[in-house]
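Notes follow once the structure below has been shown.
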Amino acid sequence: MKNVNSVSNFSVCKPGWNHNNGNCLEQCPPGTYEVQGDDDSGAFCTICHYSCLSCKGPSDADCIACHADSMFTWNNGRSLCVLSSISWKMQSTVWFHRLTVVFLVNLGLMIAIIIYFVFTWYIRKRKSVHKYSKVSYSGNGEIHTDAELDNTYVYESE
């Protein structure tokens, strides 16, 4: 239904109506969405992204309904129309990336914990002062000690 005011060979639709292929429509048809013109020419209907059956804007994230061979899929916080045959592949790729990040974070934490324990062990070992003395037993059961030795480890073989 045309609802046009003719002004110098240019159609101007009533306020609230949209230009669509030379016609004025109250609502944009399926597969298009409303865009406000920059001047006083009013609004016009523009074709949706190719992946959308109907939409509210120009991008693939503005889909309201998908084609029969597609389905809504969440990707990076956006709802997209994706072909049903590749949707599972897209989801598995997203999960692979998430699990890889989780694995790398856990690996990093484990390495940091190991480095921390090795470092604290090394510092404690370095700061500790152990004094040992040689002990020898005589045949009659008496214990003989020599002078204390700093940081010297005595083994049974000596």
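Please treat every number below as a calculation from the coordinates, not as lab data. If you're wondering where the values come from, they're calculated on a predicted model, not measured in any experiment. Positions of Cβ are generated from backbone atoms using ideal geometry, with glycine treated the same way; all protein chains shown enter the neighbour counts.
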Exercise. Can you list, largest first and rounded to whole Å, the semi-axes you get for segment 18-83 by taking the square root of 5 times each eigenvalue of its Cα gyration tensor?
Worked result: 26, 13, 7
For this session: Considering the options Thr46, Asn21, His67, tell which one lies farthest towards the positive end of the dipole of segment 18-83, charges being +1 on Lys and Arg and -1 on Asp and Glu at the Cβ, about the Cα centre.
Result: His67
Problem set entry | Ordering of 55-63, 109-117 by packing [mean C-beta count within 10 Å, highest first] | 55-63, 109-117
